[in-house]
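Every number in this text was worked out from the coordinates using simple rules, so none of it is lab data. Please read all numbers here as calculations on a predicted model, not as lab measurements. Here the Cβ positions follow ideal geometry from the backbone for every residue, glycine too, while neighbour counts run over all protein chains shown.
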Amino acid sequence: VSPKHRESQRKNTAESQRKGQREGFMFRKVLIANRGEIAVRVIRACRDLGVSPVAVYSQADQDALHVRLADEAYEIGPAPAAESYLRMDRIIAAAHQSNAQAVHPGYGFLAENADFARAVAAAGLKFIGPPAEAIQLMGSKINARRVIAATGAPIVPGTAEPLSSADEAKDAARRFGYPVISAAAAAAACMRLVSAEHEIAHAFEAARSEAGAAFGDASIYLEKAIERPRHIEIQIFADTCGNVVHLGERECSLQRRHQKVIEECPSPINNAEDLRSRMGEAAVRIARAAITSAPEP
């Protein structure tokens, strides 16, 4: 990026900052701990709010759009994510070097990492996202199910505690009725669809082995499988004053190997307004419960 272009960006940000300061915005400078489209979108939002955006980049991304659009950009390592975008220490060092006041994680990478949220706070910076304790609480699917059940929101029948054996999984499956899903508590992964009792022992052991190797947590739970489901996500926005709103939904049903391929907004659901309203209200209740149920740091 030419010095002239970067200087023009800074002038535009400075003008927006003066407006932002008049309107009482909290931050003057935010580091975006991500890359690509999400970083570009956060940069644009920062400019609209009069906040100076700071980018980080791997050596492979030095000419990327998010680097060119930011007021400042800092290299954080080689191309592999494990050596750059997942390096908490380098990201926090870049935030200090740039005098940023806050870190926006975007999505993916470290966005749902409770340790990163804690490290950012410990470094005297603001993590723009959920409290670390809420991230950790909802990161366990078993804990998340407990939180949801306590709100009275509809929930798929399933186990409330980790399963200790294949025999326990069989007992649970008999209660819920086949088909069921055996899955890792640590992430929406290592899932096995089980259609009959003779399949469950293998599914349980395979899921437990994969979960232990991938996440260091071999806890497995079981829930009733919904055949031909719709995968719809509700967007949540919350502040530190107890306000929580939802921002509509995304249709995420088109998937490959449990990974979303296309997201559509709004969802083309039937009976849209009534169902959309009920889903949004339930999502807000769950988000409030996640924040208030999380243990104190």
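For n ≥ 4 DSSP H runs only, could you compute -39500 (n - 2.57) per run for the chain, divide by its residues and tell me the 222 nm figure to the nearest 500?
After summing the helix terms and dividing by the residues of the chain, the value is -13500 deg cm²/dmol.
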Exposed loop sites here are trypsin sites (Lys or Arg not before Pro) in DSSP loop states with at most 14 other C-beta atoms within 10 Å. What is the longest stretch of the chain lacking them? 1-229
Packing-based exposure ordering (other Cβ within 10 Å, fewest first) of C241, C252: C241, C252
Suppose the chain between E83 and T240 were pulled fully straight at 0.36 nm per residue; how much longer would it get relative to their current alpha carbon spacing? 53.3 nm
Förster radius 25 Å - calculated FRET efficiency between A121 and C265 (Cβ-Cβ, nearest 0.05): 0.20
For Y85, what is the net charge nearby, where nearby means another residue's Cβ is under 13 Å from its Cβ and Lys, Arg count +1, Asp, Glu -1? -1
Listed with the fewest Cβ neighbours within 10 Å leading, M191, M26 appear as M26, M191
Most exposed to least, judged by fewest other Cβ atoms within 10 Å, F237, F27, F116 sort to F237, F27, F116
The distance between the Cα centres of segment 23-94 and segment 181-207, in whole Å, is 39
Across the chain, how many lysine pairs, 8 or more apart or on two chains, come within less than 16 Å at their alpha-carbon atoms? 6
Hey, got a sec? Which GluC sites (Glu not before Pro) in segment 178-282 land in a DSSP loop and have at most 11 other Cβ atoms within 10 Å? E227
